[in-house]
There are 2 protein chains.
Amino acid sequence: MSLPHVSSGEIVDIRPLDQRLKDAFSNALLRTERLEVMRLVLPAGKSFPEHHVDGESTIQCIEGVVELHAHGSIKPMRANQMVYLGPGVRHALVAQQDASVLVTILRNQQLPHEADDSAEGLGTV
Amino acid sequence: MSLPHVSSGEIVDIRPLDQRLKDAFSNALLRTERLEVMRLVLPAGKSFPEHHVDGESTIQCIEGVVELHAHGSIKPMRANQMVYLGPGVRHALVAQQDASVLVTILRNQQLPHEADDSAEGLGTV
């Protein structure tokens with residue numbers, strides 16, 4: 001996988017893209033076994049279709065306006081607003097203005113094939 | 001505990017405090033078993049002493065300038081910058097200007113007193 005693995009202590013830029021937004025792509029900012037942070041770029045009118053993630057997540061609006069469709073309602077999110085979504089909550093995002101959002105996902109702690117390794121680690125403590 | 005438990009889907013304001021910063025207090029924005037998000041308010045000259053958290057964390061500068069002391073170096077963080085810190089990484093924050101930061105902490109899945117249970121549980125897998 002070509003996803004970035006930001007080092008602990010490395011400073012990451014999450015400024016609004018502003019004029020660069022129309023040419024920007026969504027990108028992963030960091031990914032560890034338990035944590036994933038990405039910036040989604042959503043030009044006006046674009047949407048991120050309904051989906052869910054297994055773990056908890058937060059979505060922070062960095063710029064623009066996105067509609068959050070979740071829990072049977074539609075809420076606009078503007079820059080400097082964030083939302084928490086519980087595990088498995090189905091949701092979609094629809095950009096009302098050129099927008100980018102920071103998505104933080106807590107993965108469930110172990111992938112199934114990793115559970116045994118972890119158990120060994122704990123067993124030696 | 002009087003910590004807030006934000007509901008899934010509830011929009012939370014994380015705007016810069018600006019003029020309100022000097023009278024503001026650090027506050028928890030959400031807390032679940034695995035996730036904690038708080039805003040730390042650090043007026044110029046104040047520091048958050050060296051400490052560590054067991055789980056992974058991110059720190060996002062919302063406004064002002066804070067020095068991050070971690071991994072043997074000092075790095076300034078400005079608004080719209082964030083940093084990832086691995087589990088147990090000792091760090092401190094020192095505000096160079098009136099600042100507030102958003103701290104996201106992934107708790108280890110179990111609290112310490114539960115670890116033995118967990119090890120047993122995994123051991124039986």
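Here are the numbers:
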read-out: Scan of the range B:79-107 for residues that are under 25 Å from A:Tyr84 (Cα atoms), surrounded by fewer than 19 Cβ atoms within 10 Å (Cβ to Cβ) and in contact with a His (Cβ under 9 Å, 6 or more places away or on another chain), ordered by number; value: B:Pro87, B:Gly88
read-out: Matching residues in the range B:84-110 - criterion: being under 15 Å from the mean Cα position of the chain (by Cα), within 11 Å of chain A (Cβ to nearest Cβ) and under 20 Å from B:Leu30 (Cβ atoms); value: B:Tyr84, B:Leu85, B:Leu102, B:Thr104, B:Ile105, B:Leu106, B:Arg107, B:Asn108
read-out: Count of residues meeting criterion [of a type in the set (Asp, Glu) and facing chain B (nearest Cβ under 8 Å)] in the range A:1-58; value: 3
read-out: Residues (among the acidic types (Asp, Glu) and closer than 17 Å to B:Gln96 by Cα) located in the range B:27-52; value: B:Glu50
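Quick note: the coordinates plus some simple rules give every number you see, no bench work behind them. Since the structure is predicted, the reported quantities are computational estimates derived from the model, not experimental observations. Cβ atoms come from the backbone with ideal geometry, glycine included; neighbour counts cover every protein chain shown.
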